[in-house]
Amino acid sequence: MTRYLAELQMYVAPDPIHQANEHWLACILEHLGETRRDAEGLSLADLWLSPHLLLTQTCGYPLMTALRGKVRVLGRPRYELPDSSGGNHCSLILGRIEDTRQTLPEFRDSRGVINGLDSNSGMNLLRQRLAPLQRDGRFFAQVGISGSHRESLRWLREDLADLAAIDSVTFAYLASHAAEEVAGLHVITRSAFSPTLPYITSSTLSDQQAEALLQAMNQALRELPDVAEILGLPEVLPASESDYQVVLDYQREASALGYGVLR
């Protein structure tokens with residue numbers, strides 16, 4: 001029996017989501033007859049690239065940049081949530097309800113916030129949406145980096161920023177289980193659709209092992225209907241790196257319009 005790393009750290013809040021993911025992981029490992037290695041102290045980058053990795057989730061943008069060719073894509077979640085379905089999701093571009101600006105062009109020269117420079121939903125999809133509206137390579141007066149979608153939401157609520165792009169899955173989870181975190185905010189517009197965050201494993205896993213893992217993930221979801229309902233996740237779809245080419249296409253679209261850097 002091998003001890004593997006199995007962590008789902010991209011959607012860890014609110015607590016019912018974290019607990020559902022933990023229950024799902026335990027069932028997957030039970031089906032495979034494997035045990036779990038302690039991941040304490042590992043950064044996301046260390047987890048993603050560990051030779052001991054069995055299962056985790058990453059973002060489509062780092063998958064196609066920092067991780068390209070270094071990990072194996074297992075599948076992508078078919079969430080059935082508001083603004084997330086069929087293996088795709090989008091970003092909700094949010095402002096405060098009290099703000100009199102109601103359309104995206106009105107937010108030119110406002111204060112933007114992103115969760116990170118390597119985020120597809122927080123940065124890349126927002127950049128693609130703003131690219132036609134920029135002037136001389138700039139849309140915002142200033143852009144802050146919050147470190148997470150939840151922090152970006154706090155910046156909006158506390159009037160530290162005016163506009164943010166929030167992953168639609170994150171927003172749906174918070175709206176259902178921690179409504180106070182999205183209170184006072186509303187959708188200005190939505191981004192283009194993008195494949196949902198991929199599940200990955202170590203590149204050392206064989207085709208047979210990867211197929212068994214994907215089957216165990218879906219079997220566990222069928223056996224845990226409460227978990228599937230909480231996560232809004234009835235199925236994990238097969239996927240490959242090529243499914244995420246659109247992430248780089250959005251990057252190139254923005255660059256072609258003179259907006260290679262979100263600012």
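The values are calculated or read from the model by the stated rules, or taken from the named source; none is laboratory data. Just so we're clear, the structure is a prediction, and the values are computed from it rather than from any experiment. As a convention, Cβ positions derive from the backbone with ideal geometry for all residues, glycine included, and neighbour counts pool all protein chains shown. SASA here: full protein model, heavy atoms, side chains in, ligands and nucleic acids out. Shrake-Rupley method; radii C 1.70, N 1.55, O 1.52, S 1.80 Å.
Quick look at the numbers
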{"quantity": "Principal-axis tilt of helix 245-256 within the chain, Cα atoms, nearest 10 degrees", "calculated": "20"}
{"quantity": "Scattering curve values for the stretch 51-104, log₁₀ I(q)/I(0), Debye with Cα scatterers, q = 0.22, 0.23, 0.31 Å⁻¹", "calculated": "-0.95, -0.99, -1.24"}
{"quantity": "Long-range amide H partners of Ile200 with built H, under 5 Å", "calculated": "Thr56, Gln57, Thr58, Leu74"}
{"quantity": "Whole-percent carbon and sulfur share, accessible surface of the chain, 1.4 Å", "calculated": "49"}
{"quantity": "Relative packing of 63-75, 191-203, which averages over residues the other C-beta atoms within 10 Å, highest first", "calculated": "191-203, 63-75"}
{"quantity": "Size of charge dipole - the stretch 38-133 - debye, nearest 20, with Cβ of Lys, Arg +1 and Asp, Glu -1, no other charges", "calculated": "400"}
{"quantity": "222 nm mean residue ellipticity, helices alone, for the chain (DSSP H n ≥ 4; -39,500 (n - 2.57); rounded to 500)", "calculated": "-10000 deg cm²/dmol"}
{"quantity": "Within the chain: Cβ-based charge dipole about Cα centre, in debye rounded to nearest 20 (Lys, Arg +1; Asp, Glu -1)", "calculated": "880"}
{"quantity": "Residue-level accessible surface for Arg190, protein heavy atoms, 1.4 Å, Å²", "calculated": "110"}
{"quantity": "Cα coordinate range in the stretch 186-263, projected on the principal axes (Å, largest first)", "calculated": "48, 38, 16"}
{"quantity": "1.4 Å probe accessible area per residue over the stretch 1-89, in Å²", "calculated": "44"}
{"quantity": "Residue among Glu181, Glu211, Glu40 with the largest mean-square fluctuation in a Gaussian network model of the chain, springs linking Cα atoms under 10 Å", "calculated": "Glu40"}
{"quantity": "Degrees, to the nearest 10: 207-223 long Cα axis against longest axis of the chain", "calculated": "80"}
{"quantity": "Average accessible surface area per residue within the stretch 103-176, 1.4 Å rolling probe, Å²", "calculated": "38"}
{"quantity": "Among (i) 0.89; (ii) 1.15; (iii) 1.02, the entry derived from the coordinates for Cα Rg over 2.2 N^0.38 Å", "calculated": "(iii)"}
